[in-house]
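Some notes on the structure that comes next.
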Amino acid sequence: MDDAVLSRRSLIATGAVGLAVPAIGAAVALTGGAAKAGATRKITIWAEALPGGLFGYGLAPGQATVPGPLLEMYEGDTLEITLVNTTNQRLSIHAHGVDYSTTSDGSPLHGSYNNPGEIRTYVWRSREMSAAAGRRFMPGSAGYWHYHDHAMGTDHGTGGVAKGLYGALIVRRRGDILPDKQFTVVFHDMTINNKAAPNTPMFEANLGQRVEWVAIGHGNLFHTFHLHAHRWVDNRTGMLESVSDPSPTVDNKDLNPGSSFGFQVIAGEGVGPGAWMYHCHVQNHSDGGMAGLFLVRNADGSMPPGAEEAIHRFQGHAHTTTSTDTDDHGGHGA
Ligand SMILES: [Cu+2]
């Protein structure tokens with residue numbers, strides 16, 4: 001229970017940059033949640049140079065991806081990260097939403113970084129909510145957070161963030177509902193996960209699967225995340241906490257540099273399968289390539305009518321549907 005495990009529910013990417021399909025590379029996932037708070041898990045992360053001048057974090061040598069692996073922990077637990085810097089650049093790992101000492105904040109201000117070739121351990125702690133006074137409570141660490149480099153290029157890691165050194169961090173409260181699939185979406189300058197349409201990630205799920213999205217903002221621009229045909233509640237979990245929960249329901253949310261949020265949807269609920277768009281709703285950003293597809297397949301995993309054609313339209317292939325069209329459109333599989 002305390003060991004870092006490869007998630008049974010995550011995709012294992014091939015490590016290639018530029019494929020249309022990578023969602024999350026691999027995840028450090030939770031295995032249950034019945035354990036008491038206070039556990040310490042130790043993981044090792046490799047920071048590596050990638051093709052195209054990018055850099056990534058990975059859970060094993062040669063497995064770095066952009067974004068990096070989705071990391072998860074339960075409130076009250078501690079994550080001890082040994083970061084191996086295989087690059088020729090100074091870099092670090094800095095987390096949002098959790099507790100750490102200055103020496104684990106990932107900033108050059110405190111000498112908290114790895115020199116080229118160096119190995120360094122960072123410790124992230126978390127805590128549960130606590131009583132304040134009366135009926136008031138201090139928040140715990142639970143939330144949809146993220147991590148990123150804070151040392152490459154500048155003292156704020158501007159070079160590392162620009163080149164792909166970022167990823168999602170989920171701190172769960174015990175009892176939270178776990179998803180079937182997880183997607184990390186990073187709006188960074190005019191890109192999604194450092195890619196522009198039509199090369200942005202195509203996330204896939206089957207009708208009825210519980211899908212968790214983590215949306216993260218980086219760079220120098222403001223963005224708004226919009227998902228077609230699905231909606232969520234604007235609170236910690238994305239779900240109503242009771243029948244009288246006053247939190248608004250949204251399908252579009254600000255995603256500014258450094259901010260993050262997450263939510264779960266049931267793929268295709270109420271609308272059926274199809275190639276649903278997700279995109280930045282700043283118009284010149286969506287026009288400029290900040291758009292991608294959420295492919296909801298049929299419940300049995302087969303392709304719903306029209307989806308293949310929509311994918312090809314998205315990819316810019318002018319397409320006429322005729323009975324003689326025998327073009328093999330494979331390659332969109334999970
Ligand atoms: Cu935008």
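For the stretch 288-309, which residues satisfy the criterion of being of a type in the set (A, V, I, L, M, F, W, C), buried (at least 18 other Cβ atoms within 10 Å of the Cβ) and away from the ligand (no atom under 16 Å from the Cβ)? So that I can check it myself, show each step before the final result.
Of the residues in the stretch 288-309, the ones of a type in the set (A, V, I, L, M, F, W, C) are 290-291, 293-296, 299, 303, 307.
Next, from what is left, pick out any that are buried (at least 18 other Cβ atoms within 10 Å of the Cβ): 290-291, 293-296, 307.
Across the stretch 288-309, the qualifying residues are 293, 294, 295, 296, 307.
Each residue in the stretch 92-126 was checked for being in contact (Cβ under 8 Å) with a residue 40 or more places away in the chain and either of a type in the set (A, V, I, L, M) or outside the structural domain of residue 47 (by TED's automatic domain parsing) (or both), and 5 pass. Residue 287 meets all of the listed conditions (1) without any contact (Cβ under 8 Å) to a residue 40 or more places away in the chain; (2) closer than 29 Å to residue 173 by Cβ but one, namely (2). Close Cβ contacts (under 7 Å, 6 or more residues apart or on different chains) running from residues in the stretch 223-246 that are at positive phi and assigned by TED's automatic domain parsing to the domain that holds residue 272 to residues that are away from the ligand (no atom under 16 Å from the Cβ) and not in a loop (DSSP other than H, G, I, E, B) comprise 229/276; 238/232; 238/262; 238/263; 238/264.
Candidates are the residues of the stretch 203-220 that are outside any strand (DSSP E or B) and surrounded by fewer than 18 Cβ atoms within 10 Å (Cβ to Cβ); the one that is farthest from the ligand (Cβ to nearest atom) is 208. Against the definition (of a type in the set (Val, Ile, Thr) and open to solvent by 10 Å² or more (accessible area, probe 1.4 Å)), how does residue 171 come out, yes or no? Here the answer is no, as residue 171 does not meet what is asked.
Of all the numbered requirements in (1) free of Cβ contacts under 8 Å to residues at least 40 places away in the same chain; (2) within 16 Å of the ligand (Cβ to nearest atom); (3) touching a strand residue (DSSP E or B) at 6+ places or on another chain (Cβ under 7 Å), residue 189 misses one, and that requirement is (3). The residues of the stretch 118-130 that are more than 13 Å from residue 38 (Cα to Cα) and open to solvent by less than 60 Å² (accessible area, probe 1.4 Å), listed by number, are 120, 122, 123, 130. Of the residues making up the stretch 248-257, at least one is in contact (Cβ under 8 Å) with a residue 60 or more places away in the chain and within 15 Å of the ligand (Cβ to nearest atom). Scan the stretch 167-178 and tell me whether some residue there is small (Gly, Ala, Ser), part of a strand (DSSP E or B) and within 25 Å of residue 210 (Cα to Cα). Yes; the residues of the stretch 167-178 include at least one that is small (Gly, Ala, Ser), part of a strand (DSSP E or B) and within 25 Å of residue 210 (Cα to Cα).
The values are calculated or read from the model by the stated rules, or taken from the named source; none is laboratory data. Since this is a predicted model, take the numbers as computed values, not measurements. In this analysis, Cβ positions are derived from the backbone assuming ideal geometry, glycine residues included, and neighbour counts consider all displayed protein chains. For the accessible areas, the whole protein counts, side chains as well, though only heavy atoms, and no ligand, DNA or RNA atoms are used. Shrake-Rupley method; radii C 1.70, N 1.55, O 1.52, S 1.80 Å.
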